Amino acid sequence: MENRHKIGLRPRPAIGLGGVARDAAAPQPAPAASPASRPSVMQAPVLVLNATFEPINVTAVRRALVLMLKGVAQAEETNHSEVHSTSKAIQVPSVIRLLSYRHIPQQSRALSRKNILLRDRNTCQFCGEALPASELTLDHVMPRSRGGRSSWENLVASCYTCNNRKGDRTPEEAGLKLRRRPRPFTLHTSRQLMRLIGHRDEKWRKYLFY
Ligand SMILES: [Zn+2]
């Protein structure tokens with residue numbers, strides 16, 4: 001419970017469960033959910049829909065339950081497990097929907113290493129190899145030494161080999177080719193990530209237009 005300040009949980013009649021919710025601002029790779037272990041149930045991903053049923057985010061079960069208990073959201077789909085508070089049992093949500101419409105700004109993702117790697121799916125944008133985050137760096141497509149900015153359009157995930165090979169050159173000069181033109185992390189990008197995260201959960205599909 002020591003992490004409750006991170007997710008804005010105020011002390012209140014608690015649902016009496018351990019587990020740590022991560023910041024739900026960005027889609028996270030789904031942790032393996034094992035019904036036998038409560039902390040991982042609480043961290044399992046939940047799809048968040050706007051009041052209009054439009055998918056807008058992925059959060060953790062723990063955060064979703066808080067939104068439900070506050071009356072901000074309701075469960076649209078549940079999975080088979082239940083969590084127990086002192087007074088009642090609640091079905092663990094798989095998909096929740098906000099009860100009032102929330103305007104989502106066009107550019108809602110912060111420019112950060114984590115979000116660049118998410119956008120690029122932990123894949124080197126030059127050689128195409130998917131790697132753990134620790135084996136990736138951020139490459140300035142137009143090198144900083146030549147005026148390249150730190151922006152969504154000029155930063156890509158790169159393995160160290162490609163990054164070294166490129167050095168202070170443009171991809172063309174180094175004989176490298178970008179797999180995709182880097183773009184800002186939009187809701188469209190988020191939705192692709194939601195699909196990736198949610199591919200194990202059949203209940204997400206109708207909301208993500210599979
Ligand atoms: Zn590479």
Notebook entry, point to check: Any residue at all in the stretch 153-173 that is in contact with a Gly (Cβ under 6 Å, 6 or more places away or on another chain), away from the ligand (no atom under 14 Å from the Cβ) and open to solvent by 10 Å² or more (accessible area, probe 1.4 Å)?
Noted result: yes
Check: Limited to the stretch 122-138, what total is found for residues that are under 20 Å from D168 (Cα atoms) and either within 9 Å of the ligand (Cβ to nearest atom) or polar (S, T, N, Q) (or both)?
Finding: 6
Check: Tally time: how many residues in the stretch 113-167 are within 21 Å of I197 (Cα to Cα) and either among the basic types (K, R) or in contact with a His (Cβ under 8 Å, 6 or more places away or on another chain) (or both)?
Finding: 4
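Taking the options T123, T186, T161, T137, name whichever one is of a type in the set (S, T, N, Q), modelled with pLDDT of 95 or more and within 30 Å of E54 (Cα to Cα).
Working: T186 fails: modelled with pLDDT of 95 or more; T161 fails: within 30 Å of E54 (Cα to Cα); T137 fails: within 30 Å of E54 (Cα to Cα).
Exactly one of T123, T186, T161, T137 is of a type in the set (S, T, N, Q), modelled with pLDDT of 95 or more and within 30 Å of E54 (Cα to Cα), namely T123.
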Check: Which one is farthest from the chain's Cα centre (by Cα) among residues in the stretch 180-210 that are surrounded by 14 or more Cβ atoms within 10 Å (Cβ to Cβ) and assigned to a loop (DSSP other than H, G, I, E, B)?
Finding: P182
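Could you tell me whether the stretch 52-70 includes any residue that is of a type outside the set (F, W, Y), within 19 Å of L208 (Cβ to Cβ) and over 20 Å from the mean Cα position of the chain (by Cα)? Don't jump to the end; show me each part of the working.
Residues of the stretch 52-70 of a type outside the set (F, W, Y): 52, 54-70.
Applying the additional criterion that residues be within 19 Å of L208 (Cβ to Cβ) yields 52, 54-61, 64.
Checking which are over 20 Å from the mean Cα position of the chain (by Cα) leaves us with 52.
The answer is yes; a qualifying residue exists.
For the stretch 111-141, what are the residues that are without any contact (Cβ under 8 Å) to a residue 12 or more places away in the chain and part of a loop (DSSP other than H, G, I, E, B)?
If the condition is that a residue be without any contact (Cβ under 8 Å) to a residue 12 or more places away in the chain and part of a loop (DSSP other than H, G, I, E, B), then S112, P132 are the ones that fit.
Out of the residues in the stretch 90-121 that are within 14 Å of the ligand (Cβ to nearest atom) and open to solvent by less than 30 Å² (accessible area, probe 1.4 Å), state the one that is nearest to the chain's Cα centre (by Cα).
Result: L117.
The values are calculated or read from the model by the stated rules, or taken from the named source; none is laboratory data. All figures in this text were calculated on a predicted structure; none of them were measured in a lab. Neighbour counts run over all protein chains shown; Cβ positions are idealised from the backbone, glycine included. Side chains are part of the model used for accessible areas, which takes the heavy atoms of the whole protein and leaves out ligands, DNA and RNA. Shrake-Rupley method; radii C 1.70, N 1.55, O 1.52, S 1.80 Å.
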